[in-house]
Amino acid sequence: MYIPDALTAAAQDAALGICDWSVPLERLAEMCGATSAAILMEGTERPWGLSVGGDPAMLPVYFERYAGRHPIVTNMWQSLRPAGSVVTDSQLMPMDQLERTEFYVDWAKPQDFGHFAALIVDPDLHAFLAVTQPVGSENFASKDVAFLRQVSPVLRMAVAAHIALRDAAAERAMLVEALDRVSGVPGVMVVASNGEVLHANQTAAALLRERDGLRFEARGFGGLRAQTASETAKLRHLISSAAANASISGGPIRISRPWPRAPLAVSVLPLSSRAAEASGFPGCGKTAALVLVVDPEMAAPPPPATLLQSLYGLTAAEAAVAIRVAGGSETLPAVATAMGVAPATIRTHLQRAFGKTRTRRQAEFSALLSRLSSLTSA
């Protein structure tokens with residue numbers, strides 16, 4: 001079985017994101033005598049498609065009005081053909097019947113799409129590749145259908161790899177965003193055994209950017225570095241040890257900062273072998289450890305008053321008073337003056353807030369607010 005190298009290379013590059021899928025689609029259309037080609041995935045959570053030789057503005061219309069609903073593709077899925085099958089329109093619906101459908105009149109014909117042949121890539125995902133001939137042309141010859149069957153394994157593998165990589169990238173992006181959006185969390189870094197920072201959340205990235213006790217040197221033998229050479233050596237030893245063996249617990253280290261700044265509290269933790277492989281680069285010899293950084297001077301922002309109202313039924317006034325008093329920087333009289341009410345009113349609001357949140361004193365309420373701050377998006 002001969003599969004053209006140009007098509008194989010283009011499909012593999014598209015799967016890896018090196019080139020756009022338009023490149024293998026153009027190759028495919030040219031090699032099987034078609035004037036247009038498309039790849040469509042209708043059954044995924046995020047339907048996706050791309051076409052060449054047609055009007056790009058019509059593709060969103062397809063997904064909006066016809067994906068999974070127009071009769072000829074519906075017939076294709078209902079026929080329960082397996083992956084790798086090649087089917088033509090004449091096998092699914094007579095052309096004179098197809099020409100009377102809304103899909104053909106309003107979508108296919110305006111783009112000069114006549115006969116088509118489809119390669120079923122994944123029936124579960126309703127994924128397929130399609131090539132079309134101009135309106136009025138003869139149907140695809142048997143040699144063109146045979147060619148599609150011949151290249152089926154290469155194209156199906158490329159599409160499967162594309163879906164897997166796309167989903168993995170989307171999952172990683174969601175996890176990274178989730179970690180970055182939660183306020184009150186420590187700085188989090190995934191650091192390779194050689195000190196290279198593979199990922200840092202927003203809190204950690206800000207510390208590195210400001211060179212606030214920790215910094216990252218990209219040149220030479222730099223990597224993650226502390227304020228002093230001795231602290232750098234200890235930190236790097238903890239990282240390399242934890243990265244090399246998931247059974248090693250890592251350890252804590254205090255990272256000094258210029259006076260009068262309080263030192264950073266850092267903890268190095270091992271990743272499981274599976275997590276280390278996923279966070280590093282399998283095949284490139286990289287292993288990694290988790291580095292957590294707490295800045296004792298960084299106070300968690302108070303939660304919004306609306307959160308207290310929703311969770312505990314505080315009134316707007318009770319929530320506003322409680323948040324200001326819990327901060328500890330203002331006295332009751334000062335809060336009363338700032339809000340233009342009597343001190344007795346402030347005490348009443350505060351006591352009601354304590355009762356509704358089941359706290360008994362200001363320290364307990366302040367601790368509750370600190371914990372609730374993690375529910376607030378950054």
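The values are calculated or read from the model by the stated rules, or taken from the named source; none is laboratory data. Since we're looking at a predicted model, the values are computed, not measured. Neighbour counts run over all protein chains shown; Cβ positions are idealised from the backbone, glycine included.
With surrounded by fewer than 14 Cβ atoms within 10 Å (Cβ to Cβ) and either of a type in the set (Lys, Arg) or not assigned by TED's automatic domain parsing to the domain that holds residue 187 (or both) as the only criterion, which of 360, 324, 347, 352 stands out?
Numbers: 324 fails: surrounded by fewer than 14 Cβ atoms within 10 Å (Cβ to Cβ); 347 fails: surrounded by fewer than 14 Cβ atoms within 10 Å (Cβ to Cβ); 352 fails: surrounded by fewer than 14 Cβ atoms within 10 Å (Cβ to Cβ).
Just a single option satisfies the conditions, and that option is 360.
Screening the range 299-308 for residues that are surrounded by fewer than 15 Cβ atoms within 10 Å (Cβ to Cβ) and of a type outside the set (Gly, Ala, Ser) and picking the one that is modelled with the lowest pLDDT gives 301. Scan the range 56-84 residue by residue and report those that are modelled with pLDDT of 90 or more and among the small types (Gly, Ala, Ser). Result: 57, 83, 84.
If only residues of the range 15-55 that are among the charged types (D, E, K, R) and at pLDDT 90 or above are counted, the one that is nearest to residue 145 (Cα to Cα) is 30.
Taking the criterion of being under 30 Å from residue 167 (Cα atoms) and either surrounded by 17 or more Cβ atoms within 10 Å (Cβ to Cβ) or touching a strand residue (DSSP E or B) at 6+ places or on another chain (Cβ under 7 Å) (or both), the residues of the range 123-146 that qualify are 123, 125, 126, 127, 128, 129, 130, 131, 132. If the condition is being farther than 17 Å from residue 107 by Cβ and among the acidic types (Asp, Glu), then the range 25-74 contributes 26, 30, 45. Is it the case that the range 116-137 has a residue that's among the acidic types (Asp, Glu), within 19 Å of residue 50 (Cβ to Cβ) and in contact with a Pro (Cβ under 9 Å, 6 or more places away or on another chain)? So far as the range 116-137 goes, no, none of its residues is among the acidic types (Asp, Glu), within 19 Å of residue 50 (Cβ to Cβ) and in contact with a Pro (Cβ under 9 Å, 6 or more places away or on another chain). Exactly one residue among 213, 184 is modelled with pLDDT under 85 and outside any helix (DSSP H, G or I), and that residue is 184.
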